[in-house]
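*Asks:* Structure below; questions to follow.
The values are calculated or read from the model by the stated rules, or taken from the named source; none is laboratory data. All figures in this text were calculated on a predicted structure; none of them were measured in a lab. Glycine also receives a Cβ, built like all others from the backbone with ideal geometry; neighbour counts cover every protein chain displayed.
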Amino acid sequence: MPPEPRPTPSSDVAERALADLVTELDRCVDELMQARARAESLLRQRRSRRPWLEIVTTESRPLIVERISTVLASLAAAGHTWRREQAAALQAEGISINRIAALFGVTRQRISALLKD
């Protein structure tokens with residue numbers, strides 16, 4: 001059985017990006033669970049015939065929509081970093097840009113742009 005390849009510096013960066021993504025996913029799950037709990041509370045208030053204006057004006061910050069927006073932005077950033085570092089690690093292992101593009105389901109041009117970031 002051949003020895004396993006040693007990680008290259010770019011794959012170490014990719015590993016860190018993946019670990020950061022896992023951390024961010026955990027944080028986002030927590031944020032979304034808080035948003036869900038808040039949404040359930042608002043739904044109970046509304047079903048008890050409380051007026052929308054009263055519900056909205058007494059809701060504390062961050063609002064549900066603010067939590068969701070924050071989660072989407074942070075996941076987009078962490079996902080982009082992970083994708084870029086993963087592509088760089090694959091390229092460092094000798095994988096062609098065309099093959100990486102096929103693996104990611106994007107164009108060759110998109111991978112080239114990603115690797116230039």
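*Asks:* Identify all residues within the stretch 77-105 that are under 18 Å from the mean Cα position of the chain (by Cα) and either part of a helix (DSSP H, G or I) or among the hydrophobic types (A, V, I, L, M, F, W, C) (or both); write none if there are none. Walk me through it before giving the result.
*Replies:* Keep residues of the stretch 77-105 that are under 18 Å from the mean Cα position of the chain (by Cα), which gives 77-87, 104-105.
Across the stretch 77-105, the qualifying residues are Ala77, Ala78, Gly79, His80, Thr81, Trp82, Arg83, Arg84, Glu85, Gln86, Ala87, Phe104.
*Asks:* Out of the stretch 62-76, which residues are in a helix (DSSP H, G or I) and free of Cβ contacts under 8 Å to residues at least 24 places away in the same chain?
*Replies:* The initial filter retains those residues of the stretch 62-76 that are in a helix (DSSP H, G or I), namely 64-76.
The answer is Val65, Glu66, Ser69, Leu72, Ala73, Ala76.
*Asks:* Oh, and also: State the number of residues belonging to the stretch 33-61 that are closer than 30 Å to Leu21 by Cα and not in a helix (DSSP H, G or I).
*Replies:* Here the count works out to 2.
*Asks:* How many residues are free of Cβ contacts under 8 Å to residues at least 24 places away in the same chain and either among the acidic types (Asp, Glu) or within 21 Å of Asp20 (Cβ to Cβ) (or both) if we restrict to the stretch 81-102? Step through it out loud before you land on a result.
*Replies:* Looking only at the stretch 81-102, we keep the residues that are free of Cβ contacts under 8 Å to residues at least 24 places away in the same chain, and these are 90, 94-102.
From the residues that got through so far, the ones that are either among the acidic types (Asp, Glu) or within 21 Å of Asp20 (Cβ to Cβ) (or both) too are 90, 100.
Adding up the residues that qualify gives 2.
*Asks:* Moving on to the next point. Of the numbered conditions (1) in a helix (DSSP H, G or I); (2) modelled with pLDDT under 95; (3) within 23 Å of Arg83 (Cβ to Cβ), Asp26 satisfies every one except a single condition; which is it?
*Replies:* (2)
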